[in-house]
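**Student:** Mind looking over this structure? Questions follow.
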Amino acid sequence: MSDTHSETVAYVRETMLPQATPPASEVGAIKWLRENLFSGVLNTILTLVGIAAVVWLVQAALPWFLHGVWNANSLPECRQIIAETWGEGAHGACWAVIRERWNQFLFGFYPSDLYWRPVLALALFFAAVAPVLFTELPRKLLWGSAFYPAVAYILLWGGSLWVPISVMAGFGVGWLGLVAARRTNLPLLGPLAAVLLPLIWWLFLAGPVAGMLEDIIPLGVEEVRSDKFGGFVLSLTIGIAAIVLSLPLGIVLALGRRSDMLLVKALSVGFIEFIRGVPLITLLFTASLLLNYFLPPGTNFDIILRVIIMVTLFAAAYIAEVIRGGLAALPRGQYEAADSLGLDYWKAMQLIVLPQALKISIPGIVSTFIGLFKDTTLVIFVGLLDPLKGITDAVRAAIEWKGVYWEPFIFVGAIFFVFNFGMSRYSMYLENKLKRDHR
Amino acid sequence: MKNTVFLGTLAAAGLAAGFVSAATLDDVKARGELNCGVNTGLVGFAAPDANGNWSGFDVAICKAVAAAVLGDASKVKYVPTTGQTRFTALASGEVDILSRNTTWTFSRDADLKFTFIGVNYYDGQGFMVNKALGVTSAKELDGATVCIQTGTTTELNLADFFKVNNMTYSPVTIETNAEGEQQFLAGACDAYTTDASGLAATRAAFANPEDYVILPEIISKEPLGPLVRHGDDQWADITRWAMNALIAAEEYGVTSANIEELSKGTENPEINRLLGAGEDNLGAMIGLEKDWGKKAIVGAGGNYGEIFAATIGESTPIGLARGLNAQWTQGGLLYTPPFR
């Protein structure tokens, strides 16, 4: 073997060559550019067109941003400052409108000395959802989360403390009913008591009891009525309430749609298809206009509550379909495995099916939530002042700010982006954490 | 109003079913607050300031009524309404009076079952063009592109005007006034059409207002006024005469400056009756205090002329001339029946 080469080649190098640097076209930025931007004729053309578009956009928009004015009392003053600083005919943003009216974009007409209340409500919301979102936190914190709705209600609307307390007591009544019914050994009485007793409490007793307690021990904070809500306080109130309520409702609807019981299935299918079949604006108009005709005159059915209900129902129908997709994606074996373990329906769903189905559905659920949050701007059509159009138009109606166009849109859009991007990142975190693929 | 979101709703639904409220006056007094439907935002007519306090030409009517009925012009809950929700808000009782630059038409009066209590602003549709276009009359707009808000009476007026004058146009439909301004400034349309008051306000906000002209032709009648529901004549009387009090005050020279002086009694019996300074008690006839007229004028911030000057008049950036909205003695259309 040792003299193989002696017959085929005259010379074989016996020492290693020193390593040379790779050719310039195969390393660093140039390689990256060649591979990613100029790898073919079509890609080269697309790259050049893309660069041209970016350059044109920056050229058109950058001066406008750079010439921005923060300190002015009106649009004409802004224009004057821009003309003085950058010469006649220069364009510039008038951010002064944001500086002057930022509080209305964020809080609507909420009394300015009470701004801390919605802010605290939002901060507490993050504290309350933390144990739900991050499983590392102690489970006992969930009890705190359960009381958050009452706390948020008091912070946002104010009024008598006894009202939310007496509403929350309804759940206690239901639980007591359940416990009492269990002692009787009648199988149907438990669920029946758990549903009916709180309903009776809420419909007939909660109001008078709250009023009575208020008379005995007056306890409350300054009331803020719904017509003071606007801007992001309104958007977040509707958005968060609808998100929190629509998820459980959506899960129930999804399970109902896959149920073997004809009535449950028919009701679920009918509800989902009806809600998905009509535009959200139709539902909002129903909430705002049609209900007024059906309810007796003088009925004071809070408009924000009506909108929250409608948005919740709307989102729940979409969530239900997203979750149904997750349920359908589970292999049949999972259901059969649960059955063979002797688990009943609820246990099987709770321990085996839903955790997996929900995990699959996360991207879809979060998409629906993001869409829902952005849809809250549609409430302008029922006369509520949403941040995007309602407050913007109200601000533009002031003579000093008439004529501003892009600045409010950019400001509001940026805030929406922060919230939605946050939701999106959380969903990615959750997907990674729950990844159980054996790759 | 102590009722809350969660409970009041359902409980009230059951209780209130019994009595249908015909007496709006009693409702307002019991509530201690006037629910007034206004525009979500229209320059000069209705706009909230940085602290959320509403002001404007239409808002003054709300204040006058609240002051006349409740004695306090600040006891108003302003309900912002859109073009779609305004009539339902009034019909359903969500608002007691709608003061939202609404054109008085036959069908709205008769078919929608509302009562227009008068006209507080005579408007009409006009055109604005770029001066560089060299157009001096709307009749020269043949073949022009026109920016027009969809779903409004202005859209129909425009079609009628061009048809009558045997001209053609291509519409550029827009959704809101702000969008229309952008389109017009960007040159997407040759002419922009809306109510003349709106054109003036829009032009005033341009960076170079002198580059644009408002054409002389007014192609439609737009009598804008406040309205209430059919079926409560007492309430209609109260609101109608609260507005008339503002107009009469201007006619008789009653201003926010001299009203205190005049309300002590004057030689003019008409002023005495208006301000409740004389023997006659007009207030009792409509279920109000004797000095209701004085309260209305003070609450609204002065007489009609003063309100006009402060909100949309020539001294404001909007700069509207009185025109048709001058007193009948000055060649305008404002003419209030006598206070007798």
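**Student:** Could you give every pair whose Cβ atoms fall below 8 Å, whose first residue belongs to the stretch B:212-238 and is surrounded by fewer than 20 Cβ atoms within 10 Å (Cβ to Cβ), and whose second residue is of a type in the set (Lys, Arg), counting only separations of at least 6 or pairs across chains?
**Tutor:** Listed pairs, sorted by first residue: B:212/B:131; B:212/B:203; B:213/B:131; B:214/B:203; B:217/B:139; B:230/B:113; B:231/B:113.
**Student:** A further question follows. Only one of these is buried (at least 24 other Cβ atoms within 10 Å of the Cβ) and at the interface with chain A (Cβ under 7 Å from one of its Cβ atoms): B:93, B:37, B:41. Name it. Lay out the reasoning, then the answer.
**Tutor:** On the way: B:93 fails: buried (at least 24 other Cβ atoms within 10 Å of the Cβ); B:37 fails: at the interface with chain A (Cβ under 7 Å from one of its Cβ atoms).
After applying the criteria, what remains is B:41.
**Student:** Among B:169, B:192, which is the only one that is surrounded by 18 or more Cβ atoms within 10 Å (Cβ to Cβ), within 14 Å of chain A (Cβ to nearest Cβ) and modelled with pLDDT of 90 or more? Can you show your working first?
**Tutor:** On the way: B:169 fails: within 14 Å of chain A (Cβ to nearest Cβ).
Checking each option against the conditions leaves just B:192.
**Student:** With the checklist (1) surrounded by fewer than 15 Cβ atoms within 10 Å (Cβ to Cβ); (2) over 23 Å from the mean Cα position of the chain (by Cα); (3) in a helix (DSSP H, G or I) in hand, flag the one item residue A:436 doesn't pass.
**Tutor:** (3)
**Student:** Out of A:220, A:230, A:207, report the one residue that is out of contact with any Asp or Glu (no Cβ under 9 Å at 6 or more places or on another chain), closer than 30 Å to residue B:76 by Cα and within 14 Å of chain B (Cβ to nearest Cβ). Write out each step before concluding.
**Tutor:** On the way: A:220 fails: out of contact with any Asp or Glu (no Cβ under 9 Å at 6 or more places or on another chain); A:230 fails: out of contact with any Asp or Glu (no Cβ under 9 Å at 6 or more places or on another chain).
Exactly one residue qualifies, and that residue is A:207.
**Student:** Name, by its number, the condition in (1) without any contact (Cβ under 8 Å) to a residue 40 or more places away in the chain; (2) within 12 Å of chain B (Cβ to nearest Cβ) that does not hold for residue A:248.
**Tutor:** (2)
**Student:** Now for a separate question. For the condition closer than 17 Å to residue A:217 by Cβ, aliphatic (A, V, I, L, M) and crowded, with 19+ Cβ neighbours inside 10 Å, what is the one hit in A:165, A:154? Break it down into steps so the answer makes sense when it comes.
**Tutor:** Working: A:165 fails: crowded, with 19+ Cβ neighbours inside 10 Å.
Of A:165, A:154, the one residue that is closer than 17 Å to residue A:217 by Cβ, aliphatic (A, V, I, L, M) and crowded, with 19+ Cβ neighbours inside 10 Å is A:154.
Let's see how each residue does on (1) within 13 Å of another protein chain (Cβ to nearest Cβ); (2) of a type in the set (A, V, I, L, M, F, W, C); (3) touching a Phe, Trp or Tyr at 6+ places or on another chain (Cβ under 8 Å):
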residue	(1), (2), (3)
A:139	no, no, no
A:163	yes, yes, yes
A:167	yes, yes, yes
A:177	no, no, no
A:181	no, yes, no
A:185	no, no, no
A:191	no, no, no
A:197	no, yes, no
A:235	no, no, yes
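**Student:** Also, quick follow-up: Take residues that are surrounded by 11 or more Cβ atoms within 10 Å (Cβ to Cβ) and at pLDDT 85 or above and tell me which of the helices (runs of 4 or more DSSP H) falling wholly in the stretch A:1-91 contain 3 or more.
**Tutor:** Working: elements: A:4-8, A:28-36, A:41-66, A:75-86.
Counting at least 3 such residues, we get A:28-36, A:41-66, A:75-86.
**Student:** Follow-up. Considering every residue within the stretch A:143-163, establish whether at least one is among the hydrophobic types (A, V, I, L, M, F, W, C), over 25 Å from residue A:207 (Cα atoms), under 22 Å from the mean Cα position of the chain (by Cα) and not in a loop (DSSP other than H, G, I, E, B).
**Tutor:** Looking for residues that are among the hydrophobic types (A, V, I, L, M, F, W, C), over 25 Å from residue A:207 (Cα atoms), under 22 Å from the mean Cα position of the chain (by Cα) and not in a loop (DSSP other than H, G, I, E, B), one finds none in the stretch A:143-163, hence no.
**Student:** Take the residues of the stretch B:298-318 that are crowded, with 23+ Cβ neighbours inside 10 Å and within 11 Å of chain A (Cβ to nearest Cβ): which is modelled with the lowest pLDDT?
**Tutor:** So, considering only residues that are crowded, with 23+ Cβ neighbours inside 10 Å and within 11 Å of chain A (Cβ to nearest Cβ), the one modelled with the lowest pLDDT is B:318.
**Student:** Moving on to the next point. Scanning the stretch B:182-221 for residues that are of a type in the set (S, T, N, Q) and under 16 Å from residue B:147 (Cα atoms), which turns out nearest to the chain's Cα centre (by Cα)? Give the steps one after another, and end with the answer.
**Tutor:** In the first step, residues of the stretch B:182-221 are kept if they are of a type in the set (S, T, N, Q); the result is B:182-183, B:193-194, B:197, B:202, B:208, B:220.
After this cut, where a residue has to be under 16 Å from residue B:147 (Cα atoms) as well, the list is B:182-183, B:193-194, B:202.
Details: B:182: 26, B:183: 27, B:193: 20, B:194: 16, B:202: 18 Å.
So the residue we want is B:194.
Condition check ((1) more than 14 Å from every other protein chain (Cβ to nearest Cβ); (2) closer than 23 Å to residue A:393 by Cβ; (3) in contact (Cβ under 8 Å) with a residue 24 or more places away in the chain) across all residues:
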site: B:70; (1), (2), (3): yes, no, yes
site: B:75; (1), (2), (3): no, no, yes
site: B:81; (1), (2), (3): no, yes, yes
site: B:111; (1), (2), (3): yes, no, no
site: B:119; (1), (2), (3): yes, no, yes
site: B:125; (1), (2), (3): yes, yes, yes
site: B:129; (1), (2), (3): yes, no, yes
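The values are calculated or read from the model by the stated rules, or taken from the named source; none is laboratory data. If you're wondering where the values come from, they're calculated on a predicted model, not measured in any experiment. A quick note on method: Cβ atoms are made from the backbone with ideal geometry, for glycine too, and the neighbour counts reach across all protein chains shown.
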